[in-house]
1. Would you mind computing Rg(Cα) / (2.2 N^0.38 Å) for region 391-535, counting N as its residues?
2. With angles folded into 0 to 90 degrees, how steeply does helix 221-231 sit against the dominant principal axis of the chain? Use alpha carbons for both and round to 10.
3. For the chain, what does -39500 (n - 2.57) per DSSP helix run (n ≥ 4), summed and divided by total residues, give at 222 nm, in deg cm²/dmol to the nearest 500?
4. What is the diffusion coefficient of region 347-431 in µm²/s, taking the Kirkwood radius over Cα pairs and the Stokes-Einstein relation at 20 °C with a viscosity of 1.002 mPa s?
5. Just the Cα atoms of region 328-394, one point each, no solvent: what log10 I(q)/I(0) does Debye give at q = 0.22 Å⁻¹?
6. How much of the DSSP bridge set in region 180-335 is antiparallel, in percent, rounded to the nearest 5?
7. Quick one: Kirkwood hydrodynamic radius for region 429-509, alpha-carbon pairs, angstrom, one decimal?
8. Put one equal scatterer on each alpha carbon of region 35-142, apply the Debye formula with no solvent term, and list log10 I(q)/I(0) at q = 0.14, 0.19, 0.20 1/Å to two decimals.
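Just so it is clear, none of the values below were taken in a lab; they were calculated from the coordinates. Predicted model only: the values in this text are computed from it and were never measured. Positions of Cβ are generated from backbone atoms using ideal geometry, with glycine treated the same way; all protein chains shown enter the neighbour counts.
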Ligand code: GLN
C-alpha cells in the first residue's frame, strides 16, 4: 500500500474552463515544494485515444515518448512540470471498455454479468491508482474531462466517490473548477450556476473541498463568503482564478490565492520545503518584458482552431522568452495560398513554419509557401508534413522533377519522393498504428544541427506513416540540400537542411512535443534566433 495522496479535479458549469491549466499549476506549486507529483487525465469519450480525432474536434493530439496519442492537456503537464508523461497518464472511456470487454472475452469474469458498476468502475479505479501505486509519487492529480452532470462522465464520478471511501478522506481532495459569470446588464457576478454544479456533484456522493472559480472580475469578500456558505466549503477554499494574459501566470495566481495550501491542509501534508519558483518567476518576467517582436507565419490547414497547433505555439513562446523577443504568430490557411499569391501572406514575415498534417487539402499551398521562403531567404522550419513538403518543393522546382509528390496525396504519382514506410504497408487499422513516439536520430557531423542540439545523437517524438523515399537520395540531395539526420537503424531521413539559405530546416519528427518552460526546445530556439536576425536585416 503506497502513501500516495490523490487530488481529483472536476469541472462544472461549462467546458473549456482550463482544468488542465489549473491542474498543471497546482502540480507546479507542489513540485516547487519538492513533492513528486504527476497528473493524469480521464476523458469520457468512446474513442480509444484521440489519435483518430480530427483536430477540429479535439485540438492537437499530443504524443508521449512511449508513443501514446493523448489529450493536449498532457502537453500542458509536461510544459509546466518538465517531466515526461506516458500512456498511463491518459485514459479514455473507449480504452476502459475495450479492456473490460477483452477480459470478458477471455472469460475472466467467471460467468458473472458484466456491468458498469462494479466492472467498469473497477477498471477505472485500477487505472486511477496505477501511477500512485508505483510508489514514485507523493501526490497524483487526476483530471476528469467533461462537465459534472454529463451522462458520459458518471462512471468516473462514481469511481472517485468509491476511491475516496476506500482511501480515506484525509488522503483525497476534490477540486471543482467552476465559472462565475458576469451579467453585464445587472453588473453582477453570479454564483447560482456554481451552486447548481456543486449540488450535482453532491447528488453523486462527492463533496467539493475546493472551488476554483474562473472569473473575469475580482471576487469580493462577500461573494466568496456566499460561495463558501452555499457550496459548503471553507472560505479559504474559495479560490479565484481570474483571466490572465498568459497561462504561465496561473501558478503564481494560484499561489497568491493559496490553492496549494488548502490542498496540502486537506491532505494533512506539510510542505517539504518553501516554494522554489525562482526559475518560473524569471521566465515570467522575461515573457512580460520582450525587447522586440518577431513575426512568424504558421501555415496549416487547421488554423481556425488555435488548439490544433497548441504545442507549436507554446514552443514558440518558450523560445521567444529565452531570447526575450515576443513571437507574434500569424496563422495562414494553406488553402488560401492555393488561391492567391503567397506574397501577400508571407511578405514581411521573419520566419515561417509549415505545420504537420494529414491528407491532401491545402497541400499545394504549403508547397508554395516553402518555395516562397526558400527563394526569399526567410527562415523556415518544416515539421513532419512540413518537412515532406519541403522535399517535394525542392524536387519539383530545383531538380525539375515536376511529378514529385507524396503517395499520401497521389498513390500513383510518377515521382514518389515521399512514400509509405515499409513497416506501414500491411497495416489496415488507422488507430494507434503510425510510427509513434521516441526514435533516435544521428546528426550529420557537418550539419549546423549538431551545434543547435549540442550533441550528435538525439531522440525526438514522431507521428507519421510516410517518409523520404531513399531511392531518390542521389537525384535530390546535393551540396545545398542535404540530409542532416538519419535514424541509425533504418536510415530513415529525419532532418533535411538547405545550407544555401540563412535557416532552412525540415524535420520528420515533432520537436514541439518536447519543449518545456524549463527546457525550451533547441530547434525552436535556433529558429526564433534566426527570425530575430532576419528582422534586423
Ligand atoms: N501525413 C504525413 C505522414 O503521415 C505527416 C504526418 C504529420 O505531419 N504528423 O507521414
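1. Numbers: Rg = 15.9 Å, N = 145, 2.2 N^0.38 = 14.6 Å.
Compactness ratio reported: 1.09.
2. Taking the Cα atoms of the chain, the angle to 221-231 is about 70 degrees.
3. Working: 19 runs with 190 residues, N = 537.
Helices in the chain give a 222 nm mean residue ellipticity of -10500 deg cm²/dmol.
4. Details: Rh = 13.6 Å.
The Stokes-Einstein estimate is 158 µm²/s.
5. Each listed q corresponds, in turn, to -0.87.
6. Numbers: 2 of 16 bridges.
Here the share of antiparallel DSSP bridges comes out near 10 percent.
7. Numbers: mean 1/r = 0.0749 Å⁻¹.
Evaluated on region 429-509, it is 13.4 Å.
8. Debye curve over Cα of region 35-142, log10 I(q)/I(0) at q = 0.14, 0.19, 0.20 Å⁻¹: -0.61, -1.00, -1.07.
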